[in-house]
1. Would you call A:T23 within 25 Å of A:H106 (Cβ to Cβ) and touching an Asp or Glu at 6+ places or on another chain (Cβ under 7 Å)?
2. Could you run through the stretch B:9-32 and say how many residues are of a type outside the set (A, V, I, L, M), within 18 Å of B:I58 (Cα to Cα), more than 9 Å from chain A (Cβ to nearest Cβ) and under 14 Å from the mean Cα position of the chain (by Cα)?
3. Kindly evaluate B:R101 against the criterion of being surrounded by fewer than 20 Cβ atoms within 10 Å (Cβ to Cβ) and part of a strand (DSSP E or B).
4. If we keep just the residues of the stretch A:1-32 that are assigned to a loop (DSSP other than H, G, I, E, B) and small (G, A, S), which is surrounded by the fewest Cβ atoms within 10 Å (Cβ to Cβ)?
5. Being touching a helix residue (DSSP H, G or I) at 6+ places or on another chain (Cβ under 9 Å) and outside any strand (DSSP E or B) is the filter here, so list the residues in the stretch B:56-81 that pass it.
6. Restricting to the stretch B:64-89, count the residues that are in contact (Cβ under 8 Å) with a residue 24 or more places away in the chain, within 11 Å of chain A (Cβ to nearest Cβ) and surrounded by fewer than 15 Cβ atoms within 10 Å (Cβ to Cβ).
7. Suppose we filter A:E42, A:E50 for residues that are farther than 26 Å from B:G111 by Cβ, of a type in the set (D, E, K, R) and not in a strand (DSSP E or B); which single one remains?
8. Hey, among A:Y29, A:Y13, which residue is under 21 Å from A:S96 (Cβ atoms) and in contact with a helix residue (DSSP H, G or I) (Cβ under 8 Å, 6 or more places away or on another chain)?
Protein chains: 2
Amino acid sequence: MSDHLVSGLEPPYYTVVFTSVRTEDDHAYARTARRMEELVREVPGFLGYESARTPGGIGITVGYFRDEEAIAAWRASAEHQDAMRRGRADWYERYSVHVGRVERSHGFERG
Amino acid sequence: MSDHLVSGLEPPYYTVVFTSVRTEDDHAYARTARRMEELVREVPGFLGYESARTPGGIGITVGYFRDEEAIAAWRASAEHQDAMRRGRADWYERYSVHVGRVERSHGFERG
């Protein structure tokens, strides 16, 4: 992951907050994660994402989407659905997903 | 940080997504972060938070609030405002804040 932040988006847009605790099963996880990064970029209305994981702790990924249709298209992707099934079977102890409509945002950048 | 995930909240509620890239200035950062964790718990309508940081990469903190009033109360805290000023002066290269109203959420927990 780079240290690029998603910023400067014009509201309204949506944040999909995915928080997770991983299992110790890493088999094919990194490869699948990279594939999902490629695949989501093809979704019309996908605006970007960020991901962070504290070693030994939780992971948080935030996906940014223009509208509900974009989120629905991403959820409906067959390859993504396979990955989600695999995630529940093997890679995640637990996770939560929170879909929020963003009406305001702001940022700071060192001058 | 623990590996506790915020889950099971009844919509509507709000997510405040704070993404950041840190400077190398750690002076008083950890102490202030702990103090903010204490302080935010006193805000009526605060529902929880999660935080993750990839070593050398970005950090993501998600705060969960019942309503806009709770977010406004947290923003108005004098001690929090001091910490935000200090963050811009010393601790952050850049950050973004995205406030979203959550209408739906779901989760998974290994059986």
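1. So A:T23 fails the test.
2. 1
3. Yes.
4. A:S2
5. Selection gives B:W74, B:R75, B:S77, B:E79, B:H80, B:Q81.
6. The total comes to 1.
7. A:E42
8. Only one candidate passes the filter, namely A:Y29.
The values are calculated or read from the model by the stated rules, or taken from the named source; none is laboratory data. Computed from a predicted structure; not experimentally measured. Positions of Cβ are backbone-derived with ideal geometry, glycine not excepted, and every protein chain shown enters the neighbour counts.
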